[in-house]
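Okay, structure first, notes after.
The values are calculated or read from the model by the stated rules, or taken from the named source; none is laboratory data. If you're wondering where the values come from, they're calculated on a predicted model, not measured in any experiment. Glycine gets a Cβ as well: all are built from the backbone with ideal geometry, and neighbour counts include every protein chain shown. Note: areas computed on protein heavy atoms with side chains; ligands, DNA, RNA excluded. Shrake-Rupley method; radii C 1.70, N 1.55, O 1.52, S 1.80 Å.
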Amino acid sequence: MKLATGEAETWVEIDPRTVEVCVRCGTCRSVCPAFEVLGWESRNSRGRIMVVKALQEGFCPDSEVLDCLNTCTTCGICAEKCPAGANPPAIVQSARRQLVAEGVMTETQAGFRRKVRASGNTFGEGADRLGWLSDREGLKERADRVYFVGCLHSYRYPEVAKKTFDLLRRFGATLLPEEVCCGSPLIRTGSEAKEIIDKNLRQIRGVGAKTVITGCAGCLSTLKKDYPPEFEVVSVSEFLAEHLAELDLLRLDITVTYHDPCHLGRGSGVFDPPREVIRAICRLEEMKGSRENARCCGGGGGVRAGYPDLSLDIARRRLSEVPAGVNAIVSCCPLCIRNLRDAGSEIEVIDLIDLVERAIGSQSARS
C-alpha cells in the first residue's frame, strides 16, 4: 500500500483510557469480518488496538500500520460483542484522524479528500447532482421536511433517488438546492469534513427543515452524530413505517430477506421499521445473522475503495447467510446493495423503496 502525503490538519489526541478498556480477551476475533478473511492478528479489533497503543508510545507508522487501520469497515460488531465495553471502530477512526493530521494516509484516503473537496461528492463527478430530477417546478424553497439524497443515490442509483423523492414529495418534502456529500467518507477515513458539513447545514437552516430524511445508512449516521442536533434525522424506512396506513400498499406473493446495514442497525438502532414495511408487503425470512448480529457487507470504512478484494470477500460471506428460496434481498443502504450485487449475488438485491414501489405499482395496475 502506497503512502500519500498531504497538508497537516488539527491534531486529534486519542484518549488513552479508551485504548486501555480493551482487555485483550479476543472476543472480537470471532466476529471481525476482515479477520475472518485475512486471518492476521493485526487485522482484527484487538490487534488494531494494540497497534494504536504502539503508536501512542512512539511507534513510527508505515504502510503495514495503515493497512492494519484501514482494513476496518467500522461495522461495529466488535463493539456490540465486547464484554469490556471497548469501542474499537471509534479508536480506529481517531487513529486515522491522528495520522491524517500528520499528513500520513493511503492513496485512497487522499483520493476521497481531493474528490470531495473539488466536486462535493465522493466520485469526483462534475455532473449536476440533481440531474435525476426531471421536474423541478414546484420544488419548495422552504419546508418542514427535506430529503437528503446522498452521493450514491445522486450519481449511481438516480432511479432510487427519483422513486424516493416522488413518494416523499407527497408528504411535503423538498430538496437542498446545492446538497454536497454528507461527510461520512471523510470522517470514516480520517479527514476533516467541517467545510462540507457547514455547507449542508446552512441549506438545511435556509429551508427551515425540522426533519431530514435520508435513504443512505452512512448519511443517516453522519447527520445524526456529526451535525448539530438542530433537526430530527430519520431514515426512509422509519418514515415509511410511520406512514404505512397512508401508502395503501398491496401485498405481493413473494418472500424476501433483509440485510441490516451496519450504520443503520447497530450504529443507529433502526431494526424494526424496515421489517414493518416489508411485512406489510410480503413474507420476510431472516438471514442467519440479523439485527445486532448482522454481518457487514464489507463496503464501509473506505474498505471497498481501498481494499476491493477484501470488501468483496466479506460480501460473499454475507451472501452465504441468505436463506434458500427467497425472491430478493432487501436493504436500506446503497453501498450495501452495490457491494452485495458486485459480489455476485444470484438473487436480486433491491432497495426497500423498490419493494414499496412495486407494491404501489400493483395497486395502480389493479385499480
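So which pairs qualify, if the first residue must be in segment 227-242 and within 18 Å of Phe165 (Cα to Cα), the second must be surrounded by fewer than 19 Cβ atoms within 10 Å (Cβ to Cβ) and aliphatic (A, V, I, L, M), the Cβ gap must be under 8 Å, and the two must be at least 6 apart or on different chains?
Once the first residue is within 18 Å of Phe165 (Cα to Cα) and sits in segment 227-242, its partners that are surrounded by fewer than 19 Cβ atoms within 10 Å (Cβ to Cβ) and aliphatic (A, V, I, L, M) give Leu240/Leu247.
Any residue in segment 239-255 that is within 14 Å of the chain's Cα centre (by Cα), of a type outside the set (Gly, Ala, Ser) and under 17 Å from Arg279 (Cβ atoms)?
The initial filter retains those residues of segment 239-255 that are within 14 Å of the chain's Cα centre (by Cα), namely none.
No, segment 239-255 contains no residue that is within 14 Å of the chain's Cα centre (by Cα), of a type outside the set (Gly, Ala, Ser) and under 17 Å from Arg279 (Cβ atoms).
When only residues in segment 174-185 that are among the aliphatic types (A, V, I, L, M) and surrounded by fewer than 23 Cβ atoms within 10 Å (Cβ to Cβ) count, which is nearest to the chain's Cα centre (by Cα)? Even if it seems obvious, please write down each step before you answer.
Of the residues in segment 174-185, the ones among the aliphatic types (A, V, I, L, M) are 175-176, 180.
This time we only want the ones that are surrounded by fewer than 23 Cβ atoms within 10 Å (Cβ to Cβ), so: 176, 180.
Working: Leu176: 20, Val180: 16 Å.
Checking each candidate, the answer is Val180.
For Ala95, indicate whether it is open to solvent by 30 Å² or more (accessible area, probe 1.4 Å), out of contact with any Ser or Thr (no Cβ under 9 Å at 6 or more places or on another chain) and at pLDDT 90 or above. Before the answer, list the steps.
Values: open to solvent by 30 Å² or more (accessible area, probe 1.4 Å): no; out of contact with any Ser or Thr (no Cβ under 9 Å at 6 or more places or on another chain): yes; at pLDDT 90 or above: yes.
No.
Taking only pairs six or more apart or across chains, which ones have beta-carbon atoms under 7 Å, a first residue in segment 166-187 that is polar (S, T, N, Q), and a second residue that is in a helix (DSSP H, G or I)?
Thr174/Val207; Ser184/Gly218; Ser184/Cys219; Ser184/Ser221; Ser184/Thr222
Give the residue, chosen from Thr164, Thr174, that is in contact with a Lys or Arg (Cβ under 9 Å, 6 or more places away or on another chain) and at pLDDT 95 or above.
Working: Thr164 fails: in contact with a Lys or Arg (Cβ under 9 Å, 6 or more places away or on another chain).
Selected residue: Thr174, the only one of Thr164, Thr174 that is in contact with a Lys or Arg (Cβ under 9 Å, 6 or more places away or on another chain) and at pLDDT 95 or above.
Identify all residues within segment 200-226 that are over 21 Å from Ala161 (Cα atoms) and assigned to a helix (DSSP H, G or I); write none if there are none.
From segment 200-226, those over 21 Å from Ala161 (Cα atoms) are 202, 205-206, 208, 225-226; that's our starting set.
Scanning segment 200-226 gives Arg202, Arg205, Gly206, Lys225.
Just for segment 1-37: of the residues that are open to solvent by 90 Å² or more (accessible area, probe 1.4 Å) and under 27 Å from Ala110 (Cβ atoms), which one is modelled with the lowest pLDDT?
Lys2
Which number in (1) under 29 Å from Thr108 (Cα atoms); (2) over 14 Å from the mean Cα position of the chain (by Cα); (3) not aromatic (Phe, Trp, Tyr) marks the one condition that Gly267 misses?
It is condition (2) that Gly267 fails.
Name, by its number, the condition in (1) open to solvent by 20 Å² or more (accessible area, probe 1.4 Å); (2) of a type outside the set (A, V, I, L, M, F, W, C); (3) in contact with a Cys (Cβ under 6 Å, 6 or more places away or on another chain) that does not hold for Thr222.
Here Thr222 clears every test but (1).
Among helices (runs of 4 or more DSSP H) lying entirely in segment 23-140, which contain 1 or more residues that are within 21 Å of the chain's Cα centre (by Cα) and in contact (Cβ under 8 Å) with a residue 60 or more places away in the chain? So that I can check it myself, show each step before the final result.
Working: elements: 33-38, 45-56, 63-70, 77-81, 88-101, 107-119.
Fully inside segment 23-140 and qualifying: 33-38, 63-70, 77-81, 88-101, 107-119.
Yes or no, residue by residue, for (1) open to solvent by 20 Å² or more (accessible area, probe 1.4 Å); (2) of a type in the set (A, V, I, L, M):
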| site | (1), (2) |
| --- | --- |
| Ala294 | no, yes |
| Val303 | no, yes |
| Gly306 | no, no |
| Arg316 | yes, no |
| Cys332 | no, no |
| Arg341 | yes, no |
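Given the conditions (1) under 14 Å from the mean Cα position of the chain (by Cα); (2) more than 16 Å from Arg338 (Cβ to Cβ), report the number of the one that His259 does not fulfil.
(2)
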